[in-house]
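The values are calculated or read from the model by the stated rules, or taken from the named source; none is laboratory data. Owing to the predicted nature of the structure, the values given are computational and were not obtained by experimental measurement. Cβ placement follows ideal geometry from the backbone for every residue including glycine, while neighbour counts extend to all protein chains displayed. The area values use the complete protein model at the heavy-atom level, side chains included, leaving out ligands, DNA and RNA. Shrake-Rupley method; radii C 1.70, N 1.55, O 1.52, S 1.80 Å.
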Amino acid sequence: MSKNLNLKFYDTDKEIELKTKKSINSIFKEEGESYFRDIEEKICIKLLNKQNCIISLGGGSIINRKIREAI
């Protein structure tokens, strides 16, 4: 879709992995879900404030009220 519309594409899980330099599985295993959700919230909110882009949100991100409001 982003290619057809010539828009930038962001995958929040990929952005989390780039920021932390760890896989999602490693973050959950080593740091726990709460740590992951905190990072996820910050990254999702930042990306959702961008204009003219396509964002792929992780499946659990919708449980976060701040992320839902930003959507």
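This table checks each residue for (1) in contact with a strand residue (DSSP E or B) (Cβ under 8 Å, 6 or more places away or on another chain); (2) among the acidic types (Asp, Glu); (3) surrounded by fewer than 13 Cβ atoms within 10 Å (Cβ to Cβ).
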{"site": "Leu18", "(1), (2), (3)": "no, no, yes"}
{"site": "Glu31", "(1), (2), (3)": "no, yes, no"}
{"site": "Tyr35", "(1), (2), (3)": "no, no, no"}
{"site": "Leu47", "(1), (2), (3)": "yes, no, no"}
{"site": "Cys53", "(1), (2), (3)": "yes, no, no"}
{"site": "Ile63", "(1), (2), (3)": "no, no, yes"}
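Residues are listed down the side, and each one gets a yes or a no for (1) under 11 Å from the mean Cα position of the chain (by Cα); (2) open to solvent by less than 60 Å² (accessible area, probe 1.4 Å):
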{"site": "Lys8", "(1), (2)": "no, no"}
{"site": "Lys14", "(1), (2)": "yes, no"}
{"site": "Ser23", "(1), (2)": "no, yes"}
{"site": "Ile27", "(1), (2)": "no, yes"}
{"site": "Ile39", "(1), (2)": "yes, yes"}
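Only residues that are within 9 Å of the chain's Cα centre (by Cα) and modelled with pLDDT of 95 or more were counted in region 49-60, giving 3.
Pairs meeting the criteria (first residue in region 24-37 and under 16 Å from Ser61 (Cα atoms) and touching a residue at least 24 places away in the same chain (Cβ under 8 Å), second residue of a type outside the set (D, E, K, R) and open to solvent by 60 Å² or more (accessible area, probe 1.4 Å), beta carbons under 9 Å, at least 6 apart or on different chains) are Arg37/Ile63.
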